[in-house]
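The values are calculated or read from the model by the stated rules, or taken from the named source; none is laboratory data. These numbers come from a predicted model, not from an experiment. Heads up, the Cβs are rebuilt from the backbone with ideal geometry, glycines too, and the neighbour counts pull from every protein chain shown. Areas reflect the complete protein model, heavy atoms only, side chains present, ligands, DNA and RNA absent. Shrake-Rupley method; radii C 1.70, N 1.55, O 1.52, S 1.80 Å.
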Amino acid sequence: MSAPTSNGEWVIARIGGAPVVISPTSFLLGLLIAGSWYPLVSSALGAFGTTTVLLVVVSTVLGVAASVLLHELAHGLSGTLMGRRPTRYELYLWGGRTSFGPARDWNAWKDLVTSLSGPATNLLLWLIGTLMQESVRLSVPVAFTVWAVTLVNLALAIFNALPGLPLDGGYALAALVVQVTGNRRLGLKVAGWGGLAVVGGVVWWWILRPLVLYGHQPDAFNLILVVMVGWSIVASSWQVLELGGGARAASKLDLHELARPVRVVAPDTPVSRVREALAQGAALVLVTDGPELVGMIDEAALQELGLSNAAGSAPVAGMTARQICTVLPPAAVTTDLNGQAAADAMKRAREVSRWLVLVDAGHLVGAVPTGAR
């Protein structure tokens, strides 16, 4: 495992060039799962000894983490197969997220397929685990672990397929509305209301139903989990639906209006042609290798390297764009171009880049200066 980044995240691997990042909140969720799972495992397997109980608890937590990772990798694989490569995999408190770069010939139905590939993977893992329990003789502790991870995968498949943002089912619903109507804003609105409906259903089922119908106090772990997951969904839906004064102000933001022109070049493009592109009005030169964004070059970068068009600059003969470009952080690319989501994207990009690159329907449409130095 590598050292933590400046914001406390851990990059544990790179898959296809995309970093796999774990947020510190993931460890908190792991502790919550372990703490709630230990009493049940201890009561069922106490006769096997404390060491076995602890091994089952740890194996279950790791199995859940692996399931979430496979869920995100499925998003990345499906996106790659349809022409849009992942740039970052994140694992955090309530699940994960896969970020993508730009694509060619992208449309809504591909978003739908990419979104549903994650829940489909969890459903496949549930099926494999079920068949394993029925057809393979396992020791009691191993069978108990497989049963638990299998059940979690079924829960992940069902929950993530629910039609509300930021769940996969919400993005799939938004994509379906866009595919039918061509209206991306309408798709997000429908998915935003779906998210609030999902939270209402979760609160009723796990908190109010036991209390109102049966007079039972809700389980502490369920209460904590509902609050954490519900908060995430409500926050996303609140922004998409532009509720609240600040959100209404941010809803007026349209990054298209702030966009400056970009020029796309191949990695082996001579630096002299990069300088020409910038002199002819491009604010930013993006270096791409097929669908992959290799990096970016702007006038400030050339000046820092002493390669600008100014007299006395270093010679550029034989130098290529690949040699001088700056790696484009995932946070410097966004497909959210309007409203609160666009404002949030600007805020994230400002921490890592001078530019926020805009991608609309899989196409590069420009770049916005973030104000960072």
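Taking (1) under 16 Å from ASP111 (Cα atoms); (2) crowded, with 19+ Cβ neighbours inside 10 Å in turn, VAL146 satisfies each apart from (1). All of (1) out of contact with any helix residue (DSSP H, G or I) (no Cβ under 7 Å at 6 or more places or on another chain); (2) more than 30 Å from ASP289 (Cβ to Cβ) hold for PRO163 with one exception: (1).
Check whether at least one residue in region 254-272 is open to solvent by 20 Å² or more (accessible area, probe 1.4 Å), closer than 30 Å to GLY164 by Cα, at pLDDT below 90 and among the hydroxyl-bearing types (Ser, Thr, Tyr), and report yes or no. The answer is no, given that none of the residues of region 254-272 is open to solvent by 20 Å² or more (accessible area, probe 1.4 Å), closer than 30 Å to GLY164 by Cα, at pLDDT below 90 and among the hydroxyl-bearing types (Ser, Thr, Tyr). Count of region 138-180 residues, restricted to those that are farther than 30 Å from LEU40 by Cβ and either hydrophobic (A, V, I, L, M, F, W, C) or at pLDDT 95 or above (or both), is 9.
The requirement of being of a type in the set (Gly, Ala, Ser) and either touching a helix residue (DSSP H, G or I) at 6+ places or on another chain (Cβ under 6 Å) or modelled with pLDDT of 85 or more (or both) is satisfied by SER237. ARG185 passes every criterion in (1) at pLDDT 90 or above; (2) over 19 Å from the mean Cα position of the chain (by Cα); (3) among the basic types (Lys, Arg) apart from (1).
Contact map, region 176-190: residues that are in a helix (DSSP H, G or I) paired with residues that are hydrophobic (A, V, I, L, M, F, W, C) and open to solvent by 90 Å² or more (accessible area, probe 1.4 Å), Cβ distance under 7 Å, separation 6+ or inter-chain. Pairs shown: GLN179/TRP109.
If you go through region 185-204 and keep only what is within 18 Å of VAL113 (Cβ to Cβ) and surrounded by fewer than 19 Cβ atoms within 10 Å (Cβ to Cβ), you end up with nothing. Remark: SER26 falls outside the filter, which requires a residue to be surrounded by 13 or more Cβ atoms within 10 Å (Cβ to Cβ), in a helix (DSSP H, G or I) and modelled with pLDDT of 85 or more.
In region 115-135, the qualifying residues are those that are free of Cβ contacts under 8 Å to residues at least 40 places away in the same chain and either open to solvent by less than 30 Å² (accessible area, probe 1.4 Å) or β-branched (Val, Ile, Thr) (or both), and the one that is nearest to LEU32 (Cα to Cα) is GLY129. Checking LEU154 against (1) touching a residue at least 24 places away in the same chain (Cβ under 8 Å); (2) aliphatic (A, V, I, L, M); (3) within 21 Å of LEU62 (Cβ to Cβ); (4) open to solvent by 60 Å² or more (accessible area, probe 1.4 Å), which test does it fail? Among (1) touching a residue at least 24 places away in the same chain (Cβ under 8 Å); (2) aliphatic (A, V, I, L, M); (3) within 21 Å of LEU62 (Cβ to Cβ); (4) open to solvent by 60 Å² or more (accessible area, probe 1.4 Å), the lone unmet condition for LEU154 is (4). Every residue in region 33-89 that is surrounded by fewer than 15 Cβ atoms within 10 Å (Cβ to Cβ) and under 12 Å from SER117 (Cβ atoms), please. Listed by number, the list holds a single entry, LEU81.
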